[in-house]
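The values are calculated or read from the model by the stated rules, or taken from the named source; none is laboratory data. For clarity, every value in this text was computed on a predicted model and none was experimentally measured. Counting neighbours? That spans all protein chains shown, and the Cβs are built from the backbone with ideal geometry, glycine included. Accessible surface areas use protein heavy atoms only, side chains included; no ligands, DNA or RNA. Shrake-Rupley method; radii C 1.70, N 1.55, O 1.52, S 1.80 Å.
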Amino acid sequence: MEVQRVQAVANSLSFATDTIPAEFVRPQQEQPAITTFRGPVPEIPTIDLCDPDQENLVRSIANASKEWGIFQVVNHGIPTDVISKLQAVGREFFQLPQEEKEVYARSSSSQSIEGYGSKLQKDLDGKKSWVDHLFHKIWPQTCINYQFWPKNPPSYREANEVYAKYMREVAAKLFESLSLGLELERHVLKEAAGGEEIEYLLKINYYPPCPRPDLTLGVVAHTDLSAITILVPNHVPGLQVLKDEHWIDAKYIPNALIIHIGDQIEILSNGIYKGVLHRTTVDKEKARMSWPVFLEPPTECVVGPLPQLVNEANPPKYKVKKFKDYAYCKLNKLPQ
Ligand code: OGA
Ligand code: NI
């Protein structure tokens, strides 16, 4: 049977409706209308990546990664038009007729997550999320499977290649600052996460407008499997993070990048840096989109707490395992 895409479900609902199919209604303890915190909240830290005071930059990144596991960066060096083009070609892809998008569909038998699809994790309660996605790698060159890169619009490839080039510089800077923030040499975390073999996996999330955003979620609460995730949002807010037991909204800052600490940096740092628990809400009138790039160790890379950070007073808090085994357990909801 053909999989039904959320975009097609959304298009099939009549304009006047105020209901959504039952499988999209989250249990009450997850519904955004009930669980979003509306009181005064602290804001996710914003960091100037061009801060001439290096020590201050390292300290800000380290503190944000310890206390929040997420921060926004401005002055990151990626030109505005490079980001706008990445967004424009992604938007155009999702506006193609359904059958054209299906050309890039991930087959359910595939081992890889690359391709166009609607769902990744097995949902134990059979519930669905209000989002479709396209996944494909953008770096290193040897990992790229161009069959998952849309041919339409024709400028899709160039826009993604240019973005990947700038992305690598931002990634290098983040890995360095995170290493220095642990009083390690600047190259340590990047090397431990796979060095030049680190894979850059782009995901485009497409959250169609939804008649009942109070009842459903885009992506449900999770931490990212990656080492670091670097995300470009569109102007429609929706990202929420759990901070001090409250779900709070991330503010939209035009041209900022949103940086998530993922599981692998949490593990390498032996829990000093925290992977952030996050989820997304959807909008009644507008399509929300986002472009996270997951920086992932190559599949055979063995990841565990760095020996430099472990001693008698600080025993290892995580197992040492190959990234592919960690990923398998996470995607199948098995204990690590
Ligand atoms: C994700 C994710 C957040 C967003 O795809 O892993 O957390 O803002 N996306 O879309
Ligand atoms: Ni995420």
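Within the set of pairs 6+ apart or on separate chains, which have a first residue in the stretch 300-321 that is within 17 Å of Y273 (Cβ to Cβ), a second that is among the acidic types (D, E), and C-beta atoms under 6 Å apart?
Once the first residue is within 17 Å of Y273 (Cβ to Cβ) and sits in the stretch 300-321, no partner that is among the acidic types (D, E) comes close enough.
Is it true that some residue in the stretch 211-220 is closer than 29 Å to A159 by Cβ, open to solvent by 10 Å² or more (accessible area, probe 1.4 Å) and of a type in the set (A, V, I, L, M)?
Yes - at least one qualifying residue is present in the stretch 211-220.
Mind listing whichever residues of the stretch 244-276 are touching a strand residue (DSSP E or B) at 6+ places or on another chain (Cβ under 9 Å) and away from ligand 2 (no atom under 15 Å from the Cβ)?
Of everything in the stretch 244-276, those that are touching a strand residue (DSSP E or B) at 6+ places or on another chain (Cβ under 9 Å) and away from ligand 2 (no atom under 15 Å from the Cβ) turn out to be H246, I248, D249, K251, Y252, I253, N255, A256, I267, L268, S269, Y273.
List pairs: first in the stretch 192-219 and under 17 Å from P27 (Cβ atoms), second aliphatic (A, V, I, L, M) and more than 16 Å from ligand 1 (Cβ to nearest atom), Cβ under 6 Å, 6+ apart or cross-chain?
R212/I20; D214/A33; L215/V25
Kindly indicate whether V103 is open to solvent by 30 Å² or more (accessible area, probe 1.4 Å) and either among the aromatic types (F, W, Y) or closer than 24 Å to P45 by Cα (or both).
For V103, the condition - open to solvent by 30 Å² or more (accessible area, probe 1.4 Å) and either among the aromatic types (F, W, Y) or closer than 24 Å to P45 by Cα (or both) - is not met.
When the residues of the stretch 283-295 are narrowed to those that are out of contact with any Leu (no Cβ under 6 Å at 6 or more places or on another chain) and more than 10 Å from ligand 1 (Cβ to nearest atom), which ends up nearest to I138 (Cα to Cα)?
In this case the residue turns out to be L295.
I need the full set of residues from the stretch 231-268 which are touching a helix residue (DSSP H, G or I) at 6+ places or on another chain (Cβ under 7 Å), under 18 Å from L86 (Cβ atoms) and open to solvent by 10 Å² or more (accessible area, probe 1.4 Å), in order please.
Those that are touching a helix residue (DSSP H, G or I) at 6+ places or on another chain (Cβ under 7 Å), under 18 Å from L86 (Cβ atoms) and open to solvent by 10 Å² or more (accessible area, probe 1.4 Å): N234, N255.
Working carefully through the options K151, K119, find the one that is in a loop (DSSP other than H, G, I, E, B) and within 20 Å of the chain's Cα centre (by Cα).
Values: K151 fails: within 20 Å of the chain's Cα centre (by Cα).
Going through K151, K119 in turn, just one is in a loop (DSSP other than H, G, I, E, B) and within 20 Å of the chain's Cα centre (by Cα): K119.
Provide a single number: the residues in the stretch 215-231 that are near ligand 1 (Cβ under 9 Å from one of its atoms) and among the hydrophobic types (A, V, I, L, M, F, W, C).
Looking only at that region, the number is 3.
So L174 passes all but one of these: (1) modelled with pLDDT of 95 or more; (2) touching a Phe, Trp or Tyr at 6+ places or on another chain (Cβ under 9 Å); (3) open to solvent by less than 20 Å² (accessible area, probe 1.4 Å). Which condition number does it fail?
All conditions are met except number (2).
Scan the stretch 256-282 for residues that are more than 10 Å from ligand 1 (Cβ to nearest atom), of a type in the set (A, V, I, L, M) and touching an Asp or Glu at 6+ places or on another chain (Cβ under 9 Å) and jot them down.
Once the filter is applied, which keeps residues that are more than 10 Å from ligand 1 (Cβ to nearest atom), of a type in the set (A, V, I, L, M) and touching an Asp or Glu at 6+ places or on another chain (Cβ under 9 Å), the stretch 256-282 yields I261, I272.
Got a sec? Which of N75, N145 is loosely packed, with under 14 Cβ neighbours inside 10 Å and touching a Cys at 6+ places or on another chain (Cβ under 7 Å)?
N75
Cβ-Cβ distance below 7 Å, separation of 6 or more or different chains: which pairs start in the stretch 125-143 with a residue that is part of a helix (DSSP H, G or I) and end on one that is open to solvent by 10 Å² or more (accessible area, probe 1.4 Å) and charged (D, E, K, R)?
C143/K137; C143/E199
Testing I228 on (1) closer than 30 Å to A22 by Cα; (2) open to solvent by less than 10 Å² (accessible area, probe 1.4 Å); (3) within 16 Å of ligand 2 (Cβ to nearest atom); (4) touching a helix residue (DSSP H, G or I) at 6+ places or on another chain (Cβ under 7 Å), one condition comes back false. Which one is that?
(1)
What are the pairs with Cβ atoms under 6 angstrom where one residue, in the stretch 81-95, is without any contact (Cβ under 8 Å) to a residue 12 or more places away in the chain and the other, located anywhere, is open to solvent by 50 Å² or more (accessible area, probe 1.4 Å) and in a helix (DSSP H, G or I)? Sequence gap at least six, or different chains.
Listed by first residue and then by second, the contacts come to nothing, as the list is empty.
Quick test of your reading of the structure: I253 fulfils all but one of (1) more than 14 Å from ligand 1 (Cβ to nearest atom); (2) assigned to a loop (DSSP other than H, G, I, E, B); (3) within 19 Å of I61 (Cα to Cα). Name the failing condition by number.
I253 satisfies every listed condition except (1).
Please list, ordered by residue number, the helices (runs of 4 or more DSSP H) wholly in the stretch 1-115 having 2 or more residues that are at pLDDT 95 or above and of a type in the set (D, E, K, R).
Values: elements: 6-12, 32-35, 54-67, 80-95, 98-102.
The qualifying helices (runs of 4 or more DSSP H) are 54-67, 80-95, 98-102.
Looking at the stretch 296-333, which of its residues are assigned to a loop (DSSP other than H, G, I, E, B) and either within 16 Å of ligand 1 (Cβ to nearest atom) or within 17 Å of the chain's Cα centre (by Cα) (or both)?
Correct list: P297, K333.
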